[in-house]
1. When DSSP beta bridges are limited to those with both residues in the chain, what percentage is antiparallel, rounded to the nearest 5?
2. Within 15 Å, Cβ to Cβ, of D99, how many net charges do the neighbouring residues add up to if Lys/Arg are +1 and Asp/Glu are -1?
3. In debye to the nearest 20, how big a dipole does the chain give about its Cα centre with +1 on each Lys and Arg Cβ and -1 on each Asp and Glu Cβ?
4. Could you tell me what % of all Cα pairs in the chain have separations over 22 Å?
5. Please get the size of the charge dipole for the stretch 13-131, origin at its Cα centre, with Cβ charges of +1 on Lys and Arg and -1 on Asp and Glu, quoted in debye to the nearest 20.
6. Using a cut-off of 22 Å between alpha-carbon atoms, which lysines can reach K146, once sequence neighbours fewer than 8 places away in the same chain are excluded?
7. What does the accessible area of K146 come to, in Å² to the nearest 10, when a probe of 1.4 Å is used?
8. For Cα pairs less than 8 Å apart in space and 6+ apart in sequence, what is the mean separation divided by the residue count of the chain, i.e. the relative contact order in percent?
Amino acid sequence: HGWTSEDVLECAHGEWVRQEMMRVLELLVRVMNQTRRRVLQGEHVPASEKVVSLFEEHTDIITKSRRETQFGHKVCVVTGSSSMVLDCAVETGNPADSDLFAKMLDRQEVLYGRPPRQSAADGGFASKGNLLDGKGRGIKDVCFAKKRGLTVAAMAKSPWVYRMLRDFRAGIEANISVLKRAFGLDRCTWKGWQGFLSYVWSAIVAYNLAVMARHLLA
């Protein structure tokens, strides 16, 4: 007999169900394998090989020393004196913060055609290599919230400048808190990897619009 639009929709829906079942079954096989390796064989399973969510399989395991393990993705945020977010990068895996400093500086040079005049970063980014890299790019003061063996004289031209940049970095924590509490950046509710990216950027765009409005009304 002839095909109707309902027949086509039913076939399309059936194919989607089949593909979804195959996807979940493949993930279940991986979960059983990682469980056997870890529980029965006592093997250390690398985080990159683990499945921690059947529904959001892109989820990464985020571990930091002396902190509770979290699940999601690392998000690097760059702000300026205006408090607006100037750049954002969503990472995959669990890269060390110190390995991300040069990448974020590279992005700043691409976006703005030059490195920043000064930089203030979280203590996790601190390393001698990152300090030398920042200075080599022409950044006058490269401040890390924690020294980690670095001297103030090596990072900034004076203790006063170091304190000012360190305090500026502390103020960024308030902006991050607003992004989490008021704009929902503490927990993504959109499905899939692309949904995760869209959710993060929509939160940042909304936050920036609020900051711009506040400046215009001041």
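The values are calculated or read from the model by the stated rules, or taken from the named source; none is laboratory data. What you are looking at is a predicted structure, and each value in this text was computed from that prediction instead of being measured. Reconstructed Cβ throughout: ideal geometry from the backbone, glycine too, with neighbour counts over all protein chains shown. The protein model used for the area step is the full one, side chains on, heavy atoms only, and it has no ligands, DNA or RNA in it. Shrake-Rupley method; radii C 1.70, N 1.55, O 1.52, S 1.80 Å.
1. Values: 8 of 12 bridges.
If we restrict to bridges inside the chain, about 65 percent are antiparallel.
2. Residues close to D99 contribute a combined charge of 0.
3. Details: 31 positive and 24 negative charges, 319 e Å.
In total the dipole reaches around 1540 debye.
4. Numbers: 15004 of 23653 pairs.
Cα-Cα pairs in the chain separated by more than 22 Å: 63 percent.
5. 340
6. Leaving aside lysines fewer than 8 places away in the same chain, those within reach of K146 are K64, K74, K103, K128, K135, K157.
7. 120
8. Averaging sequence separation for qualifying contacts and normalising by length gives 12 percent for the chain.
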